[in-house]
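The values are calculated or read from the model by the stated rules, or taken from the named source; none is laboratory data. Since the model is a prediction, treat every value here as computed from it, not as a measurement. In this analysis, Cβ positions are derived from the backbone assuming ideal geometry, glycine residues included, and neighbour counts consider all displayed protein chains. To get the accessible areas, we keep the full protein, side chains included, count just its heavy atoms, and leave off ligands, DNA and RNA. Shrake-Rupley method; radii C 1.70, N 1.55, O 1.52, S 1.80 Å.
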Amino acid sequence: MQERSGLISIAVPCFNEQKGIRHFVETLTPVLETLGHPYEILFVDDGSTDDTLAILTVLANADPRLKVIGLTRNFGKEAALTAALDFVSGDAVIPMDADLQDPVELVPCMVARWEAGAEIVLAHRQARPGDSAARRWAARRFYRIISRLSAIPIPADVGDFRLIDRKVVECVRQLPEKTRFMKGILAWPGFHSETLEFTRPPRQTGGSKWPLWKLFNFALDGIFSFSTAPLRVWTYLGVALSLFSLGYLLWVMGKTLLLGVDVPGYASTLSVILFFNGIILIGLGILGEYLGRVFVEVKGRPVYLVKSTVGFDTKT
Ligand code: UDP
Ligand code: MG
């Protein structure tokens, strides 16, 4: 066991959080002050259309431990978190949501585990009473599917709330992909991880920015970014269908030679054609998903653009 000391960075993506952001800082600060480590809280304003950035700027001007990055527009939470990881300078980094759904009481436990040698401390959601039954069901399905398909293990029921050692952050910074599925990206480097259990409380202010359809698209992003299994399915399906067609061909030929030609109905032919056209379209759609991702990567556009920073004058 080695004792570690060093800067703790809290990385907070914020989008339209004006109602709760002060309360978040007021709740988090006393906890961080008990850690016995220096700390910084880095907020990334993800193009909020309310006063979030103005409030954060006032807070950061009053406290040198607060830093703010303002993005030029809303790039999405994954991009905001990527920006946060690029700008933090801590020896351990903890990404947190601004809505207090990630309990601040867990931070000292995470830091204690890190001091004792853990390189990653995951916060596992035992229960999420704030979410609807449909959402919980969808989340369960998603984790089950992705854990089957993904080549690397992506921990189930673990959000972005976790402690990551600087070593891991350095690895994550090297990943150049533009489709930022952070749950996968944060899991990709490996390293020694430990897990803490918690119950996810409901949001304190405002509403979730993730309607169910957005979550669904996010889940597809995760699956297509971290697995090529959906492509392989078509190889297997193609082989199976070809073998079946060959058998059928032989059977028809044999039957024709022995019994002569009979006049088949067109309904069966039509349904077979429709069925296979459907299958081909699904296959094309899946190919398109991967092609779209290649397109995004090839363009090589930055994941986010920074318009303003507060609290960084002394370094970088
Ligand atoms: N967020 C963001 N950009 C977005 C949407 C959300 O930076 O486009 C931030 C948001 O301010 C919050 C965190 O991401 O701090 C999680 O968002 P939310 O609470 O809506 O997600 P949920 O808890 O429902 O998964
Ligand atoms: Mg939330």
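Go through 124-137, 213-226 and give me the packing order, highest mean Cβ count within 10 Å leading.
Values: 124-137: 13.4, 213-226: 16.0.
Those peptides, ordered most packed to least, come out 213-226, 124-137.
Summing -39500 (n - 2.57) over the DSSP H runs of n ≥ 4 in the chain and dividing by its residue number, what mean residue ellipticity at 222 nm do you reach, to the nearest 500 deg cm²/dmol?
Taken over the chain, the calculation gives -16500 deg cm²/dmol.
Would you mind getting me the FRET efficiency between residue 270 and residue 220? Use the beta-carbon distance for r and R0 = 30 Å, nearest 0.05. Walk me through the numbers on the way to the answer.
On the way: r = 32 Å, r/R0 = 1.06.
Computed FRET efficiency for residue 270 and residue 220: 0.40.
Using packing as a proxy for protection, rank 251-260, 304-313 so that the peptide with the highest average count of other Cβ atoms within 10 Å comes first.
Working: 251-260: 9.4, 304-313: 15.4.
In decreasing order of mean packing, 251-260, 304-313 become 304-313, 251-260.
Å³ per residue of the Cα convex hull, for the chain?
About 170 Å³ per residue, rounded to a whole number.
From zero outward in steps of 5 Å, how is the percent of C-alpha pairs of the range 206-316 spread across the bins?
The calculated distribution, bin by bin, is 2, 8, 10, 13, 12, 11, 10, 8, 6, 5, 5, 3, 2, 2, 1, 1, 1, 0, 0.
Helix hunt in the chain: which complete DSSP H runs extend at least 20 Å axially by C-alpha with mean Kyte-Doolittle at least -0.5?
Details: long enough: 133-149 (24 Å, -0.42); 212-226 (21 Å, 1.06); 229-259 (44 Å, 1.30); 266-299 (48 Å, 1.37).
Span-like helices in the chain: 133-149, 212-226, 229-259, 266-299.
Tell me, in nm to one decimal, what length is gained between residue 61 and residue 104 on full extension, where the rule is 0.36 nm per residue of separation less the Cα-Cα distance?
13.2 nm
Rounded to the nearest 5, what % of DSSP beta bridges with both residues in the chain are antiparallel?
30
Using a Gaussian network for the chain with springs between C-alpha atoms less than 10 Å apart, which of these wobbles most: 58, 239, 298?
239
For the range 78-231, compute the orientation-averaged projected area of the C-alpha convex hull (one quarter of its surface), in nm².
For the range 78-231, averaging the hull's shadow over all directions gives 9.0 nm².
At each listed q (0.24, 0.26 Å⁻¹), what is the log10 of I(q)/I(0) that the Debye formula gives for the range 110-185 modelled as equal alpha-carbon point scatterers?
Debye intensities relative to I(0), on a log10 scale: -1.21, -1.27.
Would you please name the GluC sites (Glu not before Pro) within the range 143-219 that are DSSP coil residues with at most 15 other C-beta atoms within 10 Å of their C-beta? Write down the numbers at each step before the final one.
On the way: sites: 170, 177, 194, 197; in loops: 177.
Listed in order of number, the matching sites are 177.
Considering all projection directions equally, how large on average is the shadow of the alpha-carbon convex hull of the range 1-157, in square nanometres?
With the hull built on Cα positions only, its mean projection is 10.7 nm².
For the range 181-210 and the range 68-147, what is the separation of their Cα centres, given in Å?
3
Using the Karplus equation 6.51 cos²θ - 1.76 cosθ + 1.60 (θ = phi - 60°), what ³J(HN,Hα) coupling, rounded to whole Hz, does each residue of the range 153-162 give in order, writing x for Gly and Pro?
Once rounded to whole Hz, the list reads x, 9, x, 6, 6, 10, x, 7, 5, 6.
Skip the ligands, DNA and RNA, and give the accessible area per residue of the range 84-183 with a 1.4 Å probe, whole Å².
Working: 3900 Å² over 100 residues.
I get 39 Å² per residue for the range 84-183.
Considering Cα pairs under 8 angstrom that are at least six residues apart, work out the relative contact order of the chain and quote it in whole percent.
RCO, the chain: 24 percent.
Quick one: accessible surface of residue 157, probe radius 1.4 Å, all protein chains present, in square angstrom to the nearest 10.
My reading of the accessible area for residue 157 is about 40 Å².
Calculate I(q)/I(0) for the range 156-216 by the Debye formula, one identical point scatterer on each C-alpha and no solvent, and give its log10 at q = 0.15, 0.16, 0.23 Å⁻¹ to two decimals.
Here log10 of I(q) over I(0) equals -0.64, -0.72, -1.12.
Please go through the residue pairs 19/183; 67/307; 77/167; 167/299 and name each one whose alpha carbons sit more than 21 Å apart in this structure.
The answer is 19/183; 77/167; 167/299.
Work out, step by step, the length gained on full extension between residue 213 and residue 255: first 0.36 nm times the residue separation, then minus their alpha carbon distance; give nm to one decimal.
In short, 10.0 nm is gained.
Defining a contact as two alpha carbons under 8 Å apart and six or more residues distant in sequence, what relative contact order in percent does the range 42-82 show?
Over the range 42-82, the number comes to 56 percent.
Starting from the eigenvalues of the Cα gyration tensor, five times each then square-rooted, give me the equivalent ellipsoid semi-axes of the range 64-105, largest first, whole Å.
Equivalent ellipsoid semi-axes, largest first: 18, 15, 11 Å.
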